Amino acid sequence: MPTPPRALTVAGSDSGGGAGIQADLKTMLALGTHGMSVLTAVTAQNSLGVQGAWELPAEAVRAQFRSVVDDIGVQAVKTGMLSSAALVETVAALLADLDVPVVIDPVGVSKHGDPLLAESALDAVRTKLLPTATVATPNLDEVAQLTGVHVREEADLRRAAAAVLDHGPRWALVKGGHLTADTAAGEAVDLLTDGREEHWLRAPRHDNRHTHGTGCTLASAIAAQLAKGDTVPQAAAAAKEYVTGAIAAGFRLGAGIGPVDHGWRLRG
Ligand SMILES: Nc1ncnc2c1ncn2[C@@H]1O[C@H](COP(=O)(O)OP(=O)(O)OP(=O)(O)O)[C@@H](O)[C@H]1O
Ligand SMILES: Cc1ncc(COP(=O)(O)O)c(N)n1
């Protein structure tokens, strides 16, 4: 059997299986890669929100990373929930020595508004983590938190992406998922740019409330595509198509916001 491309996620666990490490590994499998994980934190989480979160020691994060990278090897990395300044700095130092594409999803709060990153970690995200990124994928709240730019309509995405690029990632993919239906005219629009090229990623907006895990899914899909050898624009286009299908097929689970369907392509 040929060895599949290998992708690594450095993120938190979502016990409900819709976001975090669980979303990342499912996405990596769905896109034909071997997914591996470095766990940063454990959350007690379901369709109603986050009921508890426990961070792992930096030493445990470093040890997982070394185990995977030194023996198995990785062809792309994605990061998600990093919880604290100490873990942001630990992960940034590990990534700085790794010569493969890195997708940084600067996760700040959950869909329900629960904090997944300490405010005291924002500076380390700006100065240490973002410079390691091949692609950074903030949502609009994360852009505002990290750069002070508030996006109210599609035209603002350009200014937001430029402000993200100022922190050093090679590409910025600013997600317009949180633009309201009236400002985005029925589309879910994201902007990918490296400051020279611009790629507008457009897809139909699905009126489905079961969207838990969209951000994690998009970022890990990009990492999977990069592990397979795509360029960044190719990876982003393929990831957008995958997440759009997963949102369209999102399903009810529990009493609140259900997950996107990572297996939508399997179900025909
Ligand atoms: N209702 C929707 N229909 C179609 N695509 C969507 C919808 N909502 C978000 N998207 C797309 O999903 C991807 C993730 O964007 P989003 O802004 O939701 O990320 P996020 O905020 O990190 O996720 P979350 O809100 O789950 O934390 C983007 O490509 C975005 O355009
Ligand atoms: C452990 C963990 N990591 C990340 C997210 C954000 O999820 P998303 O932005 O994909 O909805 C989450 N809810 N839980």
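Laid out as a table, the results:
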{"quantity": "The one condition in (1) away from ligand 1 (no atom under 11 Å from the Cβ); (2) out of contact with any strand residue (DSSP E or B) (no Cβ under 8 Å at 6 or more places or on another chain); (3) farther than 20 Å from P101 by Cβ that R196 fails to fulfil", "calculated": "(3)"}
{"quantity": "Verdict on L95 being under 17 Å from the mean Cα position of the chain (by Cα), away from ligand 1 (no atom under 16 Å from the Cβ), without any contact (Cβ under 8 Å) to a residue 40 or more places away in the chain and more than 23 Å from G18 (Cα to Cα)", "calculated": "yes"}
{"quantity": "Filtered residues of the stretch 1-17 (kept if modelled with pLDDT of 95 or more, hydroxyl-bearing (S, T, Y) and farther than 18 Å from P106 by Cβ)", "calculated": "S13, S15"}
{"quantity": "Filter result (out of contact with any strand residue (DSSP E or B) (no Cβ under 8 Å at 6 or more places or on another chain), at pLDDT below 95 and of a type in the set (D, E)) within the stretch 123-164", "calculated": "E153"}
{"quantity": "Residue match in the stretch 172-190 (condition: away from ligand 1 (no atom under 13 Å from the Cβ) and not β-branched (V, I, T))", "calculated": "yes"}
{"quantity": "Candidates A227, A237 - the one that is away from ligand 2 (no atom under 16 Å from the Cβ) and over 14 Å from A30 (Cα atoms)", "calculated": "A237"}
{"quantity": "Conditions (1) within 30 Å of L253 (Cα to Cα); (2) in contact with a strand residue (DSSP E or B) (Cβ under 9 Å, 6 or more places away or on another chain): number failed by D207", "calculated": "(2)"}
{"quantity": "Strands (runs of 3 or more DSSP E) enclosed by the stretch 49-130 - at least 2 residues per element that are among the hydrophobic types (A, V, I, L, M, F, W, C) and touching a helix residue (DSSP H, G or I) at 6+ places or on another chain (Cβ under 7 Å)", "calculated": "76-79, 102-104"}
{"quantity": "Evaluation of K240 against (1) of a type in the set (K, R); (2) more than 15 Å from the chain's Cα centre (by Cα); (3) near ligand 1 (Cβ under 9 Å from one of its atoms) (one fails), failing number", "calculated": "(2)"}
{"quantity": "Count of residues meeting criterion [touching a residue at least 40 places away in the same chain (Cβ under 8 Å) and either within 16 Å of ligand 1 (Cβ to nearest atom) or not in a loop (DSSP other than H, G, I, E, B) (or both)] in the stretch 131-145", "calculated": "4"}
{"quantity": "Single residue of G18, G32, G12 found to be in a loop (DSSP other than H, G, I, E, B) and within 14 Å of the chain's Cα centre (by Cα)", "calculated": "G18"}
{"quantity": "The stretch 3-18, subset of a type in the set (S, T, N, Q) and more than 8 Å from ligand 2 (Cβ to nearest atom), residue surrounded by the fewest Cβ atoms within 10 Å (Cβ to Cβ)", "calculated": "T3"}
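Condition check ((1) under 22 Å from D261 (Cα atoms); (2) buried (at least 18 other Cβ atoms within 10 Å of the Cβ)) across all residues:
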{"residue": "G20", "(1), (2)": "yes, yes"}
{"residue": "L31", "(1), (2)": "yes, yes"}
{"residue": "G35", "(1), (2)": "yes, yes"}
{"residue": "T43", "(1), (2)": "yes, yes"}
{"residue": "E55", "(1), (2)": "no, yes"}
{"residue": "S67", "(1), (2)": "no, no"}
{"residue": "D71", "(1), (2)": "no, no"}
{"residue": "M81", "(1), (2)": "yes, yes"}
{"residue": "L87", "(1), (2)": "no, yes"}
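The values are calculated or read from the model by the stated rules, or taken from the named source; none is laboratory data. Values in this document were obtained by computation on a predicted structure and should not be read as measured data. Neighbour counts are summed over all protein chains in view; Cβ atoms, including those assigned to glycine, are modelled from backbone coordinates with ideal geometry.
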